[in-house]
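Each remark here refers to the structure printed beneath this line.
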Amino acid sequence: MKISVGCDHGGLEHKDAIVAHLKERGFEVKDNGIYENHSVDYPDIALLVCDDIVSGECERGILVCGTGIGMSLAANKVKGIRAAACSEHFSAKYTRLHNDSNVLCLGGRVIGVGTALEMVDLFVDTEFEGGRHANRVNKVMVIEER
Ligand code: RB5
């Protein structure tokens, strides 16, 4: 699985740790920056990661900003993206099981790096349950056509 990762200045430490962790686990990772601590606009980075998903280059994305919320707002504007802002393990797992989320958004000012890495593991290791949830996810995606 190839995973696209990005952050703004609120999530650099977490993003770097996530990239290193995923590579250590053997995943192919596309690091969309930022690479050093300077102020950027989170929608610009969210778009880079979402484009990687929509184009098919990467299967899943991980975005980190201060809260995870700005990144998720921006990402969910992109057709084909189901982004979930999560700050604990249960949501990181169930957004895969029930929502088939393809982007995980984390808050660098909300959770520690250790928690973030555990949530990333749950997100990349958990498969969509399908079944009754598939119909619900389809209904969500149909909203994009309105
Ligand atoms: C940047 O200061 C901060 O607003 C951003 O990282 C994010 O938390 C927005 O939702």
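Worth pointing out:
- Formal net charge of residues neighbouring G66 (Cβ-Cβ distance under 14 Å; K, R +1; D, E -1): -1
- The chain: angle of helix 12-24 to the longest principal axis, Cα-based, in degrees nearest 10: 70 degrees
- Heavy atoms of L73 accessible to a 1.4 Å probe, total area in Å² rounded to 10: 110 Å²
- Centroid-to-centroid separation of the stretch 10-82 and the stretch 111-140 [C-alpha atoms, Å]: 16 Å
- Expressed as a whole percent, the accessible area of the stretch 1-123 that falls on carbon and sulfur atoms is 50 (1.4 Å probe).
- Solvent-free Debye scattering, log10 I(q)/I(0), computed from the Cα coordinates of the stretch 94-146 at q = 0.14, 0.21, 0.27 Å⁻¹: -0.46, -0.79, -0.99
- Binned Cα-Cα distances of the chain, short to long, each 10 Å bin given as a whole percent: 13, 46, 33, 7, 0
- Cα-based shape type of the stretch 1-56, given that a ≥ b ≥ c are square roots of the gyration tensor eigenvalues and the cut on a/c is 1.5: oblate
- Applying a DSSP loop filter and a limit of 14 other Cβ atoms within 10 Å to the trypsin sites (Lys or Arg not before Pro) in the stretch 31-103 leaves K77, K79.
- Residue ranking by accessible heavy-atom surface, 1.4 Å probe, largest first, among K15, K139 comes out as K139, K15.
- Heavy-atom accessible area, probed at 1.4 angstrom with all protein chains present, ranks S55, S4 as S55, S4, highest first.
- Nearby lysines by direct alpha-carbon distance to K2 (threshold 16 angstrom, same-chain neighbours under 8 apart not counted): K15, K23, K30
- The chain: angle of helix 132-142 to the longest principal axis, Cα-based, in degrees nearest 10: 80 degrees
- Simple label model, 7 Å out from Cα along Cβ direction - M141 to S55, nm: 2.1 nm
- When the surface is traced with a 1.4 Å probe over the full set of protein chains, E127 keeps roughly 110 Å² accessible.
- Surface listing: V140, V103 arranged by accessible area from highest to lowest gives V140, V103, probe 1.4 Å.
- If you model the stretch 70-129 as an ellipsoid using its alpha carbon gyration tensor, with each semi-axis the square root of five times an eigenvalue, the axes come out at 17, 15, 7 Å, biggest first.
The values are calculated or read from the model by the stated rules, or taken from the named source; none is laboratory data. Keep in mind the model is a prediction, meaning the values are calculated, not measured. All Cβ positions, glycine included, derive from the backbone under ideal geometry; neighbour counts span all protein chains shown. In case anyone asks, the SASA skips ligands and DNA or RNA and just uses the protein heavy atoms, side chains included. Shrake-Rupley method; radii C 1.70, N 1.55, O 1.52, S 1.80 Å.
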